[in-house]
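Here, each number is a calculation from the coordinates, and none is a lab measurement. Keep in mind the model is a prediction, meaning the values are calculated, not measured. Cβ placement follows ideal geometry from the backbone for every residue including glycine, while neighbour counts extend to all protein chains displayed.
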Amino acid sequence: MPHGAIDVPAQSPRTLHQIESEITELAAHIHAATYRLLELVREFDEREGWGGPGLKSCAHWLNWKCGIGLGAAREKVRVAHALKNLPEISDAFRRGMVSFSKVRAMTRVAMPENEEYLLMIARHGTASHVEHLVRQFRKVKRIEALEHENRRHMLRELNWHIDDDGSYVIRARLTPEQGERVVKALEAACDENDSEVGASEQLCAGATVPLRDALVCFGERGLVVPNKRAKTQQRARKGPSRRVSPEKPHLARCDPRP
């Protein structure tokens, strides 16, 4: 009895549209899986689970255990921590709507205030568009920071005059760094006075520090003009009240110049 042949219908090749749909769907799953990976990396790093002999950081652990290049591992750790404070980007990433490449770029400049705008660019543009936007954003921020620093530098001043009773009245506008050094010097002078004056008479607390003896000690210790131009500057200060020119910043500085 002859065996009958079973005809197997030939499977028609998939259409390009079907292949495209499968690729994009798989990519979305990869994006979502990457988000989950970063969540685990962040928790692992926060709990310092990577600690061990010869391991310096979570990035080194990823390099060793997961075979991720050290540079790429550092970026994954950075992005993982950045996402903690970016709920909108995190949600889009979790749902596979944006890729790690776009998220990596956005987290360099993203804040809760600009998340929505960055996501709009990410959803409708390419990763290259997002990278370009971030580069321009950082460039603008650097220019703004430089302009702010220059403006603050130009506004520095030091004025003083002798009051009717012979008291010296001093007013200064310093940069945060210079102001911090002056305040620390005043606090140190107050601490020194504590050994000579009862603590009850000293109110060295924040902006209510009474200068009194502290200023005397401050000057005697050479903290106001400690550089080699001290005598010249002291003679200049005997003159009338004046504003320190921005072109001569050493007159307003409290740190020694070489």
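With a cut-off of 19 Å, note down the residues of the stretch 73-104 whose backbone N falls inside the zone around a label point 7 Å from the Cα of Thr126 toward its beta carbon.
Residues 98-104 qualify, since their backbone N sits under 19 Å from the label point.
Starting from 0.36 nm per residue, how many nanometres of slack lie between Ser12 and Arg78 once their C-alpha separation is accounted for?
Answer, rounded to one decimal: 19.1 nm.
Suppose a student asked you for the relative contact order of the stretch 72-200, using Cα pairs under 8 Å spaced at least 6 residues apart; what percent would you report?
Relative contact order here is 14 percent.
GluC sites (Glu not before Pro) within the stretch 31-69: which are DSSP loop residues with at most 14 other Cβ atoms inside 10 Å?
Passing both the DSSP loop test and the Cβ count: Glu48.
Can you pull the one-decimal nm distance between simple spin-label points at Glu43 and Leu155, each 7 Å off the Cα toward Cβ?
4.7
Run the numbers on the stretch 52-129 and let me know its relative contact order in percent, using alpha-carbon pairs under 8 Å that are six or more apart.
22
Placing +1 at every Lys and Arg Cβ and -1 at every Asp and Glu Cβ, with all other atoms neutral, what dipole size does the stretch 18-151 have around its Cα centre, in debye to the nearest 20?
For this selection, approximately 460 debye.
For the stretch 1-126, count all C-alpha to C-alpha pairs, find those more than 27 Å apart, and express that count as a whole percent of the total.
37
Taking every Cα atom in the stretch 46-110, find the radius of gyration and the maximum pairwise distance Dmax, and write them in Å.
13.0, 39
Gain in length, Arg173 to Glu187, computed as 0.36 nm per residue apart minus the alpha-carbon separation, to one decimal in nm?
3.2 nm
Taking K and R as +1 and D and E as -1, what net charge do the other residues with C-beta under 13 Å from the C-beta of Gln136 add up to?
+4
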